[in-house]
Amino acid sequence: MDATEFETESVTVLVVDDEKGLADLYAAWIDEEESYSTRTAYDGEQAFDRIDETVDLVLLDRRMPGLSGDEVLEAIRDRGYDCRVVMVTAVNPDFDVLELPFDEYVVKPLDEEAIHDVVERMLARTNYDEQLQRLYALTSKTAALEAEKSQQELDQSDEFAALESDLEDLQSSLDETIADLEEEDFDAALQGLPGDRNSDE
């Protein structure tokens, strides 16, 4: 589906959070966009009932009673649903996030502008191929851990070193593809990458 199709067709967003008021609030904010429709689920079991192939994006709380967000995420991927998944959670990231197949990780609290930004970012990424989507996901994990962990902790982590190596390999393999993009598409592709790994703090 290309960008113009997203402008004219309804986009379905599933919000999953065991805090009912918070899930309803996120859904209300998203519903303000005329082209978006939302579904809400208040636990992992409800999420399974309300997701199908028409869902484009899932905003998923990580810590929930019963089925955790991690378990819901794994099930979404195992069932082959072609949707973006954002972990929207109060749980600060640890190295275990490296094994989770999410597209982005954001930490509560989030305001209305932040919710709209992450939804728009995820839908824009759907327009790019699998390699570029993977680049976004790896960059998101890197940024999340860099924001949470000290440089010493990062340097001592074999998992983080492997993540950086994977990211470098993927960036190298995408060089030729990115060079072929029109300048406008290139700017759009890079917009929304969570953090600049080379910027000074």
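Structural remarks
- Count of residues meeting criterion [open to solvent by 50 Å² or more (accessible area, probe 1.4 Å) and more than 13 Å from the chain's Cα centre (by Cα)] in region 85-130: 12
- Residues in region 57-109 that are assigned to a strand (DSSP E or B) and within 17 Å of A143 (Cβ to Cβ): R84, V85, V86, M87, V88, T89, E104, Y105, V106, V107.
- Failed condition for R39, given (1) open to solvent by 30 Å² or more (accessible area, probe 1.4 Å); (2) at pLDDT 90 or above; (3) under 27 Å from S157 (Cβ atoms): (3)
- For A114, the requirement of being more than 18 Å from D18 (Cα to Cα) and either at pLDDT below 90 or in a loop (DSSP other than H, G, I, E, B) (or both) is not met.
- Within region 98-139, the set of residues being closer than 26 Å to D155 by Cα and either in contact with a strand residue (DSSP E or B) (Cβ under 6 Å, 6 or more places away or on another chain) or aromatic (F, W, Y) (or both) comprises F102, D103, E104, Y105, V106, Y136.
- When region 117-132 is filtered for residues that are of a type in the set (D, E, K, R), at pLDDT 75 or above and touching a helix residue (DSSP H, G or I) at 6+ places or on another chain (Cβ under 9 Å), only R121 remains.
- Single condition E74 does not satisfy, out of (1) surrounded by 13 or more Cβ atoms within 10 Å (Cβ to Cβ); (2) under 20 Å from I30 (Cβ atoms): (2)
The values are calculated or read from the model by the stated rules, or taken from the named source; none is laboratory data. Given the structure is predicted, the values throughout are model-derived calculations rather than measurements. Reconstructed Cβ throughout: ideal geometry from the backbone, glycine too, with neighbour counts over all protein chains shown. Quick note on the areas: whole protein, heavy atoms, side chains included, nothing else; ligands and nucleic acids left out. Shrake-Rupley method; radii C 1.70, N 1.55, O 1.52, S 1.80 Å.
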